[in-house]
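First comes the structure, then the notes that go with it.
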Amino acid sequence: MRIIVILSFVFASLLVNAQEHAKVLSQKTVYNIKSIDNVEIQKSYSIVINSKKGYHWAVFRDYFDEFKTIKNLNMTIRDGASGEKVKKFNKGDALTLGFSSSYEINDSKTLYLDPDYHNYPFIVEVSVDIKIKGFTALPVWIPRPYFNLSVDNASLELIVDDNVNVKIKEENITLHSEKKTEEGTSKLYSVSSLPHQDQKIRFKEFFEQQPRVYVKPLEFQLDGVVGSTESWKDFGEWFLALNSDSYVLTAETKTFIDALPKGNKKQVIDEVYGYMQDKVRYISIQLGIGGFKSISTEEVEATGYGDCKALTTYMKNMLDYAGINSNYILVYAGSDVPDVLTDFPGNQFNHVFLGIPLAMDTVYLECTSQIVPSNYIGTFTDNRNVLWIAKGNSQLIQSRTYTYQDNIEKNFAKISVDDKGKGKIALSTENRGILFDDIMVYKYGKENHIRDANISKFSYKDFTINNFSYNQDDKKVAAFTSKFSIEVTGIGRKVADKLITSANLLKPIDKYLDYNEYLGYADILRGITVEDSVELLFQDKYWVNKLPQDVSLTSEFGSYTMTFEANEDKLIVRRKFFFTKGKYIEEQFSEFSSFVNKIKAAEKAKIVMDSKT
């Protein structure tokens, strides 16, 4: 498929908006659905790359496997000012790479073509032909897929054979035209003049604002296994059928389970979960239909590894042996991802975990982690629609929501300030609930990642972390403690014989909240409670001359208190606040902002100490 060459004066008129990293001049996508196991996709696009920050749009990368073939690929690079051709590539110039370093066992590959051209601005033109053998859904058509990218013109043509039943969902876009062709029914969607958007909001919110088209078959077949997307129940039946093979546990595993005390299901669940965490580890497996189908329990026990499906199935099988029923839960996992379309049943998921219904509660198990305790799922899968898989009754449910009563940070600090305003801080912080996620960087991160994570916790202008440690006292509880030894320049200010500090010497309220005065919105994804106890030590040099008034603020968004207690050798400052989950715009944001500004003013109030000499 050829790209029309655009005259040089057009290039000059389109080129650089300083805010945008790249501009799509034209984009054309064709989905030709010939049957449920035969789809042809043609894509062609022309993009102006304005700067280094937009260079990734010039690099072609797409995966292929036994179900997806990249038949043809052509790329042309043109000078941004003149439009003259400077480089040309085809499929033979591309590299074939492993799909991802995290996919340790796979038959998926990535076709990768980097033009290695950096004379900005320049134009990259790409055309690619793809053939798909069996599909549960086609790639979502989204002409402006990310921030700082504008689009002049883009179109999607959807051609569907008359013998194939598909369902289409349109978001923020309407059908442009429809006609009958020799190949079936053709539907055309198009957009134009989409401006770039700066990255000032979450990707989830950005995504939901975009024009996009979803396409799925009502019936599908993958690797000979037939399924349906008529309902969530139907899709759940397909997943169950795909993962219903019999299992055989080793004698060692059976002996362990047989020895567990009977009668307390939660205790059995915790013990079996810990056994699994000690015995196996997670890797991703993408072989054949491996994106959906679990490898066998026998193979997991023999090799000591598995992907999310295999480890979840392994845990499920051990619980079955222990006489405890459990259910697969399919989820679109990630900390900033779009919501599942509840009225569009089908494959919108990238992960699976386990749910165990008990009399008083449901226990959730994230089976890919060797760190998290039983019944903790974290920001990866919390607070979203998920598919509860049950024979004959699969349905969407809401995954666990962590509230401000669950998510607790407690800080205990001793601070001494010298005559030059330099402070030494001994800080102990306890994280609970969703804040337990912070332990991941300490467990898995490299030294520089840990250093950066710790620095980002504080707002001091000039400080050094001299020592740091962390400890998880109870592996069965989602809580850990971290300790910091910090030196801060300018934590206090010497004025004549007085020493002045701010009322709040730990993290300011801004560090805990996601809000933007300029855009006029606040989005508190998860509620939080913070409790501080700070001892400001005088070292026999100062006495308190002036203290701020105690603070007590309450609103629909949360509450905030700060109290002061002085004696001869120290001042104790206690701060406690909580914010509930909520999203606030317009008038509500004005009220939210007013509440936060009162808190900020209270935290900036001054403590004045006089010298004893």
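The values are calculated or read from the model by the stated rules, or taken from the named source; none is laboratory data. Please read these numbers as outputs of a predicted model, since none were measured by experiment. Quick reminder, even Gly has a Cβ in these numbers, built from the backbone with ideal geometry, and neighbours come from all protein chains shown.
Observations, loosely collected:
- Flag for S502 being without any contact (Cβ under 8 Å) to a residue 12 or more places away in the chain and either in contact with a helix residue (DSSP H, G or I) (Cβ under 9 Å, 6 or more places away or on another chain) or of a type outside the set (D, E, K, R) (or both): no
- Among strands (runs of 3 or more DSSP E) entirely within the range 50-114, having at least 2 residues that are at pLDDT below 95 and exposed (fewer than 15 other Cβ atoms within 10 Å of the Cβ) singles out 95-98.
- Considering residues of the range 350-392 that are acidic (D, E) and crowded, with 22+ Cβ neighbours inside 10 Å only, the residue farthest from the chain's Cα centre (by Cα): E366
- Selection of the range 202-260 for residues being assigned to a helix (DSSP H, G or I) and of a type in the set (V, I, T) yields T253, T255, I257.
- Boolean, I36 is outside the structural domain of E183 (by TED's automatic domain parsing), surrounded by 15 or more Cβ atoms within 10 Å (Cβ to Cβ) and modelled with pLDDT under 95: no
- Only one of the numbered conditions (1) surrounded by fewer than 22 Cβ atoms within 10 Å (Cβ to Cβ); (2) within 24 Å of S228 (Cβ to Cβ); (3) not hydroxyl-bearing (S, T, Y) is not met by L330, and that is (1).
- Positions within the range 419-461 being in a loop (DSSP other than H, G, I, E, B) and without any contact (Cβ under 8 Å) to a residue 40 or more places away in the chain, in sequence order: G445, K446, S456, Y460, K461
- The criterion of being more than 26 Å from T342 (Cα to Cα), in contact (Cβ under 8 Å) with a residue 40 or more places away in the chain, assigned to a strand (DSSP E or B) and in contact with a Leu (Cβ under 8 Å, 6 or more places away or on another chain) holds for V151.
- Answer residue from the range 400-425, given it is buried (at least 19 other Cβ atoms within 10 Å of the Cβ) and among the hydroxyl-bearing types (S, T, Y) and is nearest to D339 (Cα to Cα) among those: Y402
- Meets criteria (among the hydroxyl-bearing types (S, T, Y), within 30 Å of K85 (Cβ to Cβ) and at pLDDT 95 or above) for S190: yes
- Extreme residue, nearest to F206 (Cα to Cα), among residues of the range 154-181 that are basic (K, R) and free of Cβ contacts under 8 Å to residues at least 40 places away in the same chain: K179
- Residues in the range 574-605 that are within 19 Å of A413 (Cα to Cα) and loosely packed, with under 14 Cβ neighbours inside 10 Å: K604 alone.
- Residues located in the range 476-518, provided they are among the basic types (K, R), at pLDDT 95 or above and in a loop (DSSP other than H, G, I, E, B): K507
- Test: residue in the range 188-199 that is within 23 Å of D339 (Cβ to Cβ) and in a helix (DSSP H, G or I): no
- Qualifying residue in the range 491-507 (condition: of a type in the set (D, E, K, R) and closer than 30 Å to D278 by Cα): no
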